[in-house]
Structure formats: structure tokens, C-alpha cells
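What follows is a single structure, written as C-alpha cells, with notes after it.
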Amino acid sequence: MAEWYERSFGEDYLLVYKHRDIQGAKREVHKMISWLGLSKGAQVLDLCCGMGRHSMALHEAGYEVTGIDLSGVLLKEARSNDPEGTVTWVQSDMRSLPLEGGFDAVVNLFTSFGYFEQDEEHVKVLQEISRMLKPGGRFIIDFLNPQYTISHLIPHSERVDEGQLIVENRVIEDGYVKKQITITDHRISGSLDGSIQQPRNYLERIKMYSIDQLTEMLHAAGLRLDKVHGDYDEEEYDEAYSPRMIMVGTAI
């Protein structure tokens, strides 16, 4: 059976997360650049780049960018938004990257971490980030803040977009935050031949880690945590109140 992340990042993902806009990515990239301290022309790897919003914004800011993602659907969307081929797009599992490394920076954004069941698998991801970086290279991992996520969880929400009813149910369970997404055609009750339209169901599952746990995992992978931000407009991280846990650090 396919893993959840092999099923969830397809055509329906583009619908569910269409509200993630280009201008928001540009604002986030502007802040990331100030945190990383990169010079123009630096080599940047966008790990789990999705549809490429941040990759394109990084390129526009003057960097040489490689975007990697497992989803062929999302990479197709990324390439369609980059007709001149300004970014190098690569399809790969984040635990085993088909690259030699030598990057000045690696960014991993929008909670593209914590997908797996075993801690060792997440350490493999961090080891790959370390391997991709030059000595002294910099990284950003933009992760959820567990305590904030628990206290602000919205158990149920639904909306209609492009004629599709999108229902999202969320729960904290066994150390994971889980989201069950159900999408049905809101325009018609059945197909032309009278059959009932079947709902499309997807799971998203993220393993939650404290900052202390992540600090240990980063160290085990050869990475040093230098600073943690609570959001893109927050310099300081507060375990109880910060929406995000944005880790900035250096390859040891």
C-alpha cells in the first residue's frame, strides 16, 4: 500500500492549498535571506519544493536554485510556472537524494518534515541535508510548533472551492497531528450515467517533535542549530505562543 505522502500530493493537493500565494512566498524568502546571510549567486536547494513557489522566489532574488520533490504532479506544476527553466527541478525521495551536494544553503519549508513513522527516517533526511551542504553551509527547516498546534487545533472545517466540497478533520493522536481530507463534487450528485460520485480521501500525518528533540537529531546528523524563530515576522521562538518553529543553523 502506498504511503500517505505518495497519495496526498497530487492534483487535489493543488486545489486544497491553492490559497498559498506567490506574494506570500516572496515575503517569506525575503526574511529567509536575511537570516541565512547569503551572497548573490549562492547555490540553494529547496528540499520538498512542491509546486515551486519558494524556489521561484529564491531565483528572482538572485540565487541559483534546485528544487526537489517526490511528487511528479507538483513538479509538473512547478515546471509549468518556470517555462524558461530557470530552476533545476529534480524528482526524488528526501531520504536519498541523487545529488553530489556543495550547496550554500538548504531550505525545507511548509512543514515538509515529520512524514515518517520512525525517528531514524527523519534523521536520514537531516543527514541528507548535511551531506548537501558545503562546510559552513546554512539551513532552514520550517516546522510546526507542537504546543501551539495542540492548543490551536481546529478539529473540523469545510469549504467549497471550484465546485468541490473540501472537508478537513484534524486530530492529535499518538504523537502525530493528523488531517483527514475528503473532497466531493459539490455541483452534481451523480455522474451522467447516474452513478454516485465517490469522495476522494487523503491523509496527512506529521510526527511532532519538541525543539530539544530536534536539536539532538540535528546534532546527530552533523548540523548545528543556531537560532529558532516563531514565525516569519517573529525573531524569537516561544514554545507556547509561536505558530511556527523555524530552525536556522549551520553544517558542522
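Quick note: the coordinates plus some simple rules give every number you see, no bench work behind them. Everything quoted here is computed from the prediction, not taken from an experiment. Heads up, the Cβs are rebuilt from the backbone with ideal geometry, glycines too, and the neighbour counts pull from every protein chain shown.
If you plug the beta carbon distance of Val90 and Gln197 into 1/(1 + (r/R0)^6) with R0 = 30 Å, you get a FRET efficiency near 0.25.
Positive end of the dipole of segment 16-168 (Cβ unit charges, origin at the Cα centre): among Val87, Phe110, Gly41, the Cα lying farthest that way belongs to Gly41.
Computed from phi, the 3J(HN,Hα) profile of segment 134-140 under the Karplus parametrisation 6.51, -1.76, 1.60 (θ = phi - 60°) reads 5, x, x, x, 10, 9, 10 Hz, with x in place of Gly and Pro. Between Ala2 and Val73, what is the label-point separation in nm under the 7 Å Cα-to-beta-carbon projection? Roughly 0.7 nm, to one decimal. Between the amide H of Phe103 and those of Leu133, Lys134, distances stay under 5 Å, these residues lying 5 or more places away or on another chain, with hydrogens modeled in the peptide plane. When you restrict to C-alpha pairs under 8 Å that are six or more residues apart and normalise by the size of segment 8-122, the relative contact order lands at 27 percent. Relative contact order of the chain: what whole-number percent is it, with Cα pairs under 8 angstrom and at least 6 residues apart? Relative CO of the chain lands at 17 percent.
Projected label points at Ser34 and Lys134, each 7 Å from Cα along the beta carbon direction, are separated by 2.5 nanometres. If R0 equals 22 Å, the separation of the Cβ atoms of Glu121 and His219 corresponds to a calculated FRET efficiency of about 0.80. At an R0 of 35 angstrom, the distance between the Cβ atoms of Gln164 and Glu60 translates into a FRET efficiency of 0.65. Where only DSSP H runs of four or more residues are counted, the chain gives -8000 deg cm²/dmol as its mean residue ellipticity at 222 nm, each run worth -39500 (n - 2.57).
Gain on full extension, evaluated as 0.36 nm per residue between Ser157 and His19 minus their Cα-Cα distance, stands at 48.2 nm. When the charge dipole of segment 105-252 is built from unit charges on Cβ atoms (+1 for Lys and Arg, -1 for Asp and Glu) and taken about the Cα centre, the candidate among Tyr202, Tyr241, Gln213 whose Cα reaches farthest toward its positive end is Tyr202.
The average projected area of the chain, computed from the convex hull of its Cα atoms over all directions, is 14.4 nm². Each part gets one Cα centre, and for segment 113-134 versus segment 30-97 those centres are 18 Å apart.
Sorting 35-47, 7-19 by their mean Cβ neighbour count within 10 Å, with the most densely packed peptide first, gives 35-47, 7-19. Run down the lysines and flag those whose C-alpha is under 19 Å from the C-alpha of Lys31, throwing out any fewer than 8 positions away in its chain. Straight-line reach from Lys31, under 19 Å: Lys40, Lys227. Taking the Cα centre of the chain as origin and assigning +1 to Lys and Arg Cβ atoms and -1 to Asp and Glu Cβ atoms, the resulting dipole is close to 300 debye. The dipole here belongs to segment 61-195: it is taken about the Cα centre, uses +1 on the Cβ of Lys and Arg and -1 on the Cβ of Asp and Glu, and is about 220 debye. Measuring nothing but how far apart in sequence close Cα pairs (under 8 Å, 6+ apart) lie, relative to its length, segment 148-207 scores a relative contact order of 27 percent.
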